[in-house]
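To start, the structure under review is shown below, and the notes come after it.
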Amino acid sequence: MSEQDFTYSTLREHIVEHVFLGDLLRALWNRGDRDIEVLRPEVDARGYDVVLSSGGIERYLQLKTLSGKNRGFAIREAFAEKPNGCVVCISVKREDLRLGRL
């Protein structure tokens, strides 16, 4: 990770999250799904980043970014207590923050 990646890591994480959610919402829209909510916790007590709700089903997502040689990450134990929790690993190209395969 370069110094710039470290200095702007929060900004980088927010950009990746917005791009991921935008791509996901666009795919759902194109599929005809309109009953969807995106919720964000104000306090991160259980380790999830976003909640997606559709058709009466809620998914608690912990988003993890993988880029270059960065392949490891931790998952908070408290996250296991959330129903329908899942970890989403997002591959990101470091040079332009495009999502996809590394």
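The values are calculated or read from the model by the stated rules, or taken from the named source; none is laboratory data. Remember, it's a predicted structure, so these values are computed and weren't measured experimentally. All Cβ positions, glycine included, derive from the backbone under ideal geometry; neighbour counts span all protein chains shown. Please note that ligands, DNA and RNA were not included when accessible areas were found on the heavy atoms of the full protein model with its side chains. Shrake-Rupley method; radii C 1.70, N 1.55, O 1.52, S 1.80 Å.
Qualifying GluC sites (Glu not before Pro) in the range 23-88, where qualification requires a DSSP coil assignment and no more than 15 other C-beta atoms within 10 Å, comprise 42. Taking every C-alpha pair closer than 8 Å and separated by at least 6 residues, the mean separation divided by the residue count of the chain gives a relative contact order of 21 percent. From its DSSP helices (H runs of at least four residues, each -39,500 (n - 2.57)), the chain gives a residue-normalised ellipticity at 222 nm of -8500 deg cm²/dmol.
On the chain, 49 percent of the accessible area sits on carbon and sulfur atoms, based on a 1.4 Å probe. Here the gap between residue 99 and residue 14, fully extended at 0.36 nm per residue and compared with their Cα-Cα distance, gives a gain of 29.3 nm. Using every pair of separate Cα atoms, the Kirkwood estimate puts the hydrodynamic radius of the chain at 14.8 angstrom.
Computed over protein heavy atoms with a 1.4 Å probe, the accessible surface of the chain works out to 72 Å² per residue.
Helix 9-30 and the longest principal axis of the C-alpha atoms of the chain enclose an angle of approximately 40°.
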